[in-house]
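The structure appears below as C-alpha cells.
The values are calculated or read from the model by the stated rules, or taken from the named source; none is laboratory data. In this text, all values refer to a predicted model and were calculated from it rather than measured experimentally. Ideal geometry is used to build each Cβ from the backbone, glycine not excepted, and the neighbour counts take in all protein chains shown.
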Amino acid sequence: MTTTANELSYRIEQKRNINGAFPGPKSQALAERRSAVVAAGVASGVPVYVEDADGGIIRDVDGNSFIDLGSGIAVTSVGASDPAVVAAVQEAAAHFTHTCFMVTPYEGYVAVAEQLNRLTPGDHAKRTVLFNSGAEAVENAVKVARLATGRDAVVAFDHAYHGRTNLTMALTAKAMPYKTNFGPFAPEVYRMPMSYPFREENPEITGAEAAKRAITMIEKQIGGDQVAAIIIEPIQGEGGFIVPAEGFLPALSEWAKEKGIVFIADEVQSGFCRTGEWFAVDHEGVVPDIITMAKGIAGGLPLSAITGRADLLDAVHPGGLGGTYGGNPVACAAALAAIDTMEQHDLNGRARHIEELALGKLRELAAELSAGGGSVVGDIRGRGAMLAIELVQPGSKEPNAELTKAVAAACLKEGVIILTCGTYGNVIRLLPPLVISDELLIDGLEVLAAAIKAHA
C-alpha cells in the first residue's frame, strides 16, 4: 500500500511561512561572510541559508519556512532528515567514519552492493562499485566499457547532462555554464540527436524512428563496431526533463546489444523511486548493461554507484576501480536506511500519487491559459515526481527563459522553492521530496500556478 500523507510524521511543521523580507539579516550576514571566502564560480539559486529541513519544508536561519519542490536536485527523496537515515548515520559514525574499502573493507559496502544488484533491472549476474558523485560514476562506467570492449568511441545525446569532470563535460551537451572556457575536453565523444517530442520538426516521428535516425548517424559517422558505449539519461535532467518517445530507449538498447556496444543508463537524477519505478528504464522494460546512480541513493550523503553485468565489471584488473572515499561507511549506512525507507513507505507508489496530483493541477492551469489563446505553457511532461513545465512565448514554441526566471522568483517570494533547467533555460522542474504531504504539495502547486498566470 502507498503511504498516505496522514501516515507520514514530521519533525517540523509542514507549512510555508515568510515572516518578513528576505533574505533576512542572518542570511545577509552569512552572504557577506561567504563572499569573502567562497569562490565566485559557486552559485546558489536561493539567497537564504538553511537552518533545518524535514519532509517538504526548508527553514532558513531567519525563521522563514519554504516549500521544497527541489529536494536538493532529487537528492533528499526520503526527506532531508529522515529518522531512519539519521539513526543509521549516528550509529555508523559512532564506530568508524572511514577506513577505506580498498585497505580494510567492511560489511556496509557489501550490503549496499547486494541491494543495488537486487534492485537494478535484469536477473543476470551483476557487480557493483561505489563512488562519491554522479560524475565519478559516469566516468567509471565509461572506463569499464572501453576496457571491456577494446573500443574508444562513446555516444552521448543532445541536451544531455552527465557531470562536470573533464570526460563528463565532454559528454554534457550544454556549454554555459558547464563547459565554456574549460576545454579542451576528452576525445572520442560523439553527440547524436535525442528524441524530444515537443521540439521534433516532424511531430509524428515515433520513438523507433527517432532511434533509427540516431543509429544511422552513428553508423555513418563512427561505425557501430567502433563504439564502446552509448550513454543516455532515460529522462534527461538538466536538459529539460525530456521524456523520449516510447520505443526510443528499447530500440537503442537492442541495437547496442547486436553491435556489442555497452548500453549505459545514467539514472543519477531519475533513479530510486523518483519516476514511480525504482529506475526510469523500468517503465519500458529496458535492461542496461551498466546503470549509474547517485543523488537519491543515500538520503543526502555523498554516494554513487555503477551496477552492471558481471562479465563487464570483472574484466577490469584488480586495482583498476576504486577511490579513497568511495563507499564511505557512513554513506553506506545512510543508503541502506534510505532504501529501507523507500520500500517500507512504498515511495514508488508515493511518486505515482504525486504525479497524479501534480498533473491534475498543471493541466488545469494549461487549459485555463489556453482558453484565452496563445498559452505560455508549451508542454507538461515527466513521470512520477520528476515533472516539468516548458514555458514558451505565447502561441509558439519559442523558449521563454525570461518568464521562467520571473516565475521562479515570484514563487520564492511566496515561500516556494522551485528549480529551473533546460537547454534554453525555459523549463520549470518539479522534484518534491517523495514524503511531502498532499496538502503541502497542493499549496506549492497553487503558488506556482498563480505565479505563471500573473506573469503570463
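Could you check Y178 against (1) within 17 Å of D266 (Cα to Cα); (2) under 18 Å from the mean Cα position of the chain (by Cα) and say which number it fails?
With (1) within 17 Å of D266 (Cα to Cα); (2) under 18 Å from the mean Cα position of the chain (by Cα) applied to Y178, the lone miss is (1).
Would you check if there is a residue in the stretch 22-40 being assigned to a loop (DSSP other than H, G, I, E, B), among the hydroxyl-bearing types (S, T, Y) and surrounded by fewer than 21 Cβ atoms within 10 Å (Cβ to Cβ)?
The answer is no, given that none of the residues of the stretch 22-40 is assigned to a loop (DSSP other than H, G, I, E, B), among the hydroxyl-bearing types (S, T, Y) and surrounded by fewer than 21 Cβ atoms within 10 Å (Cβ to Cβ).
Here is a yes/no grid of residues against (1) of a type in the set (S, T, N, Q); (2) out of contact with any helix residue (DSSP H, G or I) (no Cβ under 8 Å at 6 or more places or on another chain):
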{"position": "L249", "(1), (2)": "no, no"}
{"position": "S270", "(1), (2)": "yes, no"}
{"position": "D282", "(1), (2)": "no, yes"}
{"position": "V286", "(1), (2)": "no, no"}
{"position": "A310", "(1), (2)": "no, yes"}
{"position": "A315", "(1), (2)": "no, no"}
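Among the candidates S9, S81, single out the residue that is part of a loop (DSSP other than H, G, I, E, B), closer than 28 Å to A385 by Cβ, out of contact with any helix residue (DSSP H, G or I) (no Cβ under 7 Å at 6 or more places or on another chain) and without any contact (Cβ under 8 Å) to a residue 24 or more places away in the chain.
Only one candidate passes the filter, namely S9.
Considering only the stretch 235-262, how many residues are assigned to a loop (DSSP other than H, G, I, E, B) and not charged (D, E, K, R)?
13
Mind checking which pairs have a first residue in the stretch 117-140 that is in the same structural domain as F272 (by TED's automatic domain parsing) and without any contact (Cβ under 8 Å) to a residue 40 or more places away in the chain and a second that is surrounded by fewer than 23 Cβ atoms within 10 Å (Cβ to Cβ) and in a helix (DSSP H, G or I), Cβ under 6 Å, 6 or more apart or different chains?
Sorted first by the residue in the stretch 117-140, then by its partner, the pairs are E139/L167.
Could you please tell me which pairs satisfy a Cβ distance under 9 Å, a separation of 6+ or placement on different chains, a first residue in the stretch 147-163 that is surrounded by fewer than 22 Cβ atoms within 10 Å (Cβ to Cβ), and a second residue that is in a loop (DSSP other than H, G, I, E, B) and of a type in the set (F, W, Y)?
D158/Y196
To keep it simple, each residue is scored yes or no on (1) surrounded by 14 or more Cβ atoms within 10 Å (Cβ to Cβ); (2) among the aliphatic types (A, V, I, L, M).
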| position | (1), (2) |
| --- | --- |
| Y196 | yes, no |
| R199 | yes, no |
| E204 | no, no |
| I215 | yes, yes |
| Q226 | yes, no |
| I231 | yes, yes |
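In this structure, is T168 part of a strand (DSSP E or B) and assigned by TED's automatic domain parsing to the domain that holds V287?
The answer is no for T168.
Per-residue answers, yes or no, for (1) in a helix (DSSP H, G or I); (2) closer than 30 Å to A338 by Cβ:
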site	(1), (2)
S370	yes, no
G373	no, no
G378	no, no
C411	yes, yes
L448	yes, yes
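Based on what the data block shows, is K174 touching a helix residue (DSSP H, G or I) at 6+ places or on another chain (Cβ under 6 Å), of a type in the set (D, E, K, R) and either on the phi > 0 side of the Ramachandran plot or in a loop (DSSP other than H, G, I, E, B) (or both)?
No.
Hey, can you tell me all the residues within the stretch 215-234 that are among the hydrophobic types (A, V, I, L, M, F, W, C) and either in contact with a Phe, Trp or Tyr (Cβ under 8 Å, 6 or more places away or on another chain) or part of a strand (DSSP E or B) (or both)?
Matches in the stretch 215-234: I215, I218, I222, V227, A228, A229, I230, I231, I232.
Can you run down the residue pairs with Cβ atoms below 9 Å, 6 or more apart or on separate chains, where the first is in the stretch 215-232 and more than 15 Å from F263 (Cβ to Cβ) and the partner is at pLDDT 95 or above and assigned to a helix (DSSP H, G or I)?
That search, which allows pairs on different chains as well, returns D225/K259.
Would you confirm whether or not the stretch 270-293 contains a residue that is under 30 Å from G240 (Cβ atoms), part of a loop (DSSP other than H, G, I, E, B) and among the aliphatic types (A, V, I, L, M)?
Yes, the stretch 270-293 contains at least one residue that is under 30 Å from G240 (Cβ atoms), part of a loop (DSSP other than H, G, I, E, B) and among the aliphatic types (A, V, I, L, M).
Considering T307, T292, T275, which residue is hydroxyl-bearing (S, T, Y) and in contact with an Asp or Glu (Cβ under 7 Å, 6 or more places away or on another chain)?
T292 is the lone residue from the list that is hydroxyl-bearing (S, T, Y) and in contact with an Asp or Glu (Cβ under 7 Å, 6 or more places away or on another chain).
Given (1) within 20 Å of the chain's Cα centre (by Cα); (2) among the hydroxyl-bearing types (S, T, Y); (3) surrounded by 18 or more Cβ atoms within 10 Å (Cβ to Cβ), where does S65 come up short, assuming only one miss?
(1)
Got a sec? Which of E114, E188, E107 is surrounded by fewer than 22 Cβ atoms within 10 Å (Cβ to Cβ), more than 27 Å from A338 (Cα to Cα) and free of Cβ contacts under 8 Å to residues at least 60 places away in the same chain?
E188
Mind listing whichever residues of the stretch 41-78 are in a loop (DSSP other than H, G, I, E, B), polar (S, T, N, Q) and within 22 Å of G384 (Cα to Cα)?
Matches in the stretch 41-78: T76, S77.
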